[in-house]
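The values are calculated or read from the model by the stated rules, or taken from the named source; none is laboratory data. Bear in mind the structure is a predicted one, so any value in this text is a computation, not a measurement. Here Cβ is always computed from backbone atoms with ideal geometry, including for glycine, and neighbour counts include all displayed protein chains.
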Amino acid sequence: MKIALLICLQILKRNKFWVLGVVVVLIILALVQVKFNFLYSKNTVRLGLIGTYQTHDLPLEVTTLISEGLVKVESDGRIKPNLVTGWEVNNDATNFKFKLKDGLKWIDNTEVKAGDLSFNIPNIDISFPDDKTIEFHLKEAYSPLPSLLTKPILKKGTLLGTGPYQITKVEKSRIFITKLSLESPDPKLPKIYIRFYPSEKIAVTGFNLGEVEALLGFSNSKLFLNTSQISIKQKTDFNKIVTILFQTKDSILSNRSLRQALSYQTPKISGEEGADNPYPPKLWAYDPDSKKYLSNPDEAKAALERAKSQMPEEKLKSELLLTATPNLEEVGKTVVGSWKSLGFDAKLRVESGIPQNFQALLITQSIPSDPDQYFLWHGTQTKTNLTKYDSKRADKDLEDGRKIITEEERREKYFDFQKTLLEDAPATFLYFPKYNIVYLKKVEENLNKLLPLLQFPN
């Protein structure tokens, strides 16, 4: 054995340049394979997602692949039965009873029973009178409860859903998931390998290195070159809204006329689906006749004149600071430029996360599918009502809206809420952002099979 080892060493020494050359070639081939994936399997797709997740809080992009919700949301925000035949609700909206459809199966072919389900909804008692029935008992009236049941269901204590996919492998770093493998019993659907990235910057690097073939949910499509190998799909995400929040307790921004002036002066953002309201335009509770701001310099000047008559001139000359998240920096520059043209000493500050103290904050917020925005605007919601907006009339509309059952009566309350909120202008609603997918064109066929499951239109 020792002699054989010595002979091998002698051969390596005599041919070291050849050996080194072979090693270099192998390294280059490995890098090229990672970049261009020549050994591409036609029935697989490698996806990248941004964010840190654990098994109990998988992102919607994963859960929609492995299951469905008890109910579903239509484009107008109305809630319709999905895995249930329907539901019953008592007169004071404190008791809801849902019936599962017959023949429901988990992906392992076992029957879906009511007791299999687990719901993480605080302050609600849940019971299962039989294998088909789920009852929700609330201490206070809450008519939008069905809208909380759109999340895809999983069998209690497992990652099993109703399909069409099943998670077959989970890789973690400490408590966070780094990779997932998914397979479907349907041979027409590709195998999926998902890699998670902690930030958008790292995700873009991973895509450029060939670690994934498609990257889902990034914010800035300008990060990628539009080459012949790469394509980008976009859709407007009406579950989120880009907004300027005004600190209504600030010594300057406490003045309503001044907030109105800033809102009128703020420009529409080119290429984006404009928002003139806290609600999407297709929502059944959206008021098309509500007050409109954005790109209206004449009204901005008139509102500023009202502000000048209501507050000391030196305050109007004070610095006005707009804080923006990094992905909204360019939008922030546009907004600040428009405010300066109205005569304000406006400046932009870029910060990650939500600062504890701000004057004006440019941010992307998630909004519920139901028009109930109690947690965003009610005066008691000190942790989530970031503007500290406090209006007795708006509070009453929000309180009544979640107690009333009929859609017509609820619409009346939310129309009045929109009128009050927009007149008070604690925020400027800019646009509904885009959900972006960048991908290698060679995986487009497989990707298009998945997009309907992700509720992304082809």
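Listed values, structure above:
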item: So PRO355, is it outside any strand (DSSP E or B), surrounded by 17 or more Cβ atoms within 10 Å (Cβ to Cβ) and of a type outside the set (A, V, I, L, M); result: no
item: Count of region 389-412 residues which are in contact (Cβ under 8 Å) with a residue 24 or more places away in the chain, in a helix (DSSP H, G or I) and among the acidic types (Asp, Glu); result: 2
item: Test: ASN446 is closer than 20 Å to SER251 by Cβ and polar (S, T, N, Q); result: no
item: Lone qualifier among LEU386, LEU348 - being among the aliphatic types (A, V, I, L, M), at negative phi and either within 18 Å of the chain's Cα centre (by Cα) or in a strand (DSSP E or B) (or both); result: LEU348
item: Failed condition for THR384, given (1) over 30 Å from LEU47 (Cα atoms); (2) surrounded by fewer than 17 Cβ atoms within 10 Å (Cβ to Cβ); (3) in contact (Cβ under 8 Å) with a residue 12 or more places away in the chain; result: (3)
item: Odd one out for ASN327, checked against (1) more than 25 Å from LYS151 (Cβ to Cβ); (2) surrounded by 20 or more Cβ atoms within 10 Å (Cβ to Cβ); (3) within 19 Å of the chain's Cα centre (by Cα); result: (2)
item: Residues (without any contact (Cβ under 8 Å) to a residue 60 or more places away in the chain and either in contact with a strand residue (DSSP E or B) (Cβ under 8 Å, 6 or more places away or on another chain) or among the hydroxyl-bearing types (Ser, Thr, Tyr) (or both)) located in region 161-191; result: THR168, LYS169, GLU171, LYS172, SER173, THR178, LYS179, SER181, GLU183, SER184
item: Filter result (touching a Gly at 6+ places or on another chain (Cβ under 8 Å) and outside any helix (DSSP H, G or I)) within region 299-322; result: LEU322
item: Residues (out of contact with any Leu (no Cβ under 9 Å at 6 or more places or on another chain), exposed (fewer than 15 other Cβ atoms within 10 Å of the Cβ), modelled with pLDDT of 95 or more and more than 21 Å from HIS56 (Cβ to Cβ)) located in region 79-116; result: LYS80, GLY86, GLU88, ASN90, ASP102, GLY103, LYS105, ASN109
item: Qualifying positions in region 136-163 - within 23 Å of GLU407 (Cβ to Cβ) and not aromatic (Phe, Trp, Tyr); result: LEU138, GLU140, ALA141, SER143, PRO144, LEU145, PRO146, SER147, LEU148, LEU149, THR150, LYS151
item: Residue check for LEU321: in the same structural domain as SER391 (by TED's automatic domain parsing) and out of contact with any helix residue (DSSP H, G or I) (no Cβ under 7 Å at 6 or more places or on another chain); result: yes
item: Looking only at region 224-271, and only at residues there that are among the polar types (S, T, N, Q) and assigned to a strand (DSSP E or B), the one that is farthest from the chain's Cα centre (by Cα); result: SER231
item: Selection from region 123-145 of residues that are more than 19 Å from THR85 (Cα to Cα) and touching a strand residue (DSSP E or B) at 6+ places or on another chain (Cβ under 7 Å); result: ILE124, ASP125, HIS137, LEU138
item: Single residue of THR420, THR428 found to be part of a helix (DSSP H, G or I), under 17 Å from GLN260 (Cβ atoms) and touching a residue at least 24 places away in the same chain (Cβ under 8 Å); result: THR420
item: First in region 91-108 and outside the structural domain of ILE404 (by TED's automatic domain parsing) and farther than 28 Å from ASN123 by Cα, second anywhere and of a type in the set (Val, Ile, Thr) and part of a strand (DSSP E or B), Cβ under 9 Å, 6 or more apart; result: ASP102/THR85
item: Any pair with Cβ under 9 angstrom, 6 or more apart, that starts in region 285-307 at a residue that is not assigned by TED's automatic domain parsing to the domain that holds ILE252 and ends at one that is of a type in the set (Phe, Trp, Tyr) and in a loop (DSSP other than H, G, I, E, B); result: none
item: Residue in region 144-158 that is free of Cβ contacts under 8 Å to residues at least 24 places away in the same chain, surrounded by 18 or more Cβ atoms within 10 Å (Cβ to Cβ) and touching a Gly at 6+ places or on another chain (Cβ under 9 Å) present; result: no
item: Within region 46-99, strands (runs of 3 or more DSSP E) holding 1 or more residues that are within 30 Å of GLU407 (Cα to Cα) and polar (S, T, N, Q); result: 84-89
item: Residue that is surrounded by the fewest Cβ atoms within 10 Å (Cβ to Cβ), among those in region 117-138 that are in a loop (DSSP other than H, G, I, E, B) and at pLDDT 95 or above; result: ASP131
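Each row is one residue, and each column tells you yes or no for (1) small (Gly, Ala, Ser); (2) more than 23 Å from ASP76 (Cα to Cα).
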{"site": "ILE230", "(1), (2)": "no, yes"}
{"site": "LEU245", "(1), (2)": "no, yes"}
{"site": "LYS249", "(1), (2)": "no, yes"}
{"site": "SER257", "(1), (2)": "yes, yes"}
{"site": "LEU262", "(1), (2)": "no, yes"}
{"site": "ILE269", "(1), (2)": "no, yes"}
{"site": "GLU273", "(1), (2)": "no, no"}
{"site": "TYR279", "(1), (2)": "no, no"}
{"site": "ALA285", "(1), (2)": "yes, no"}
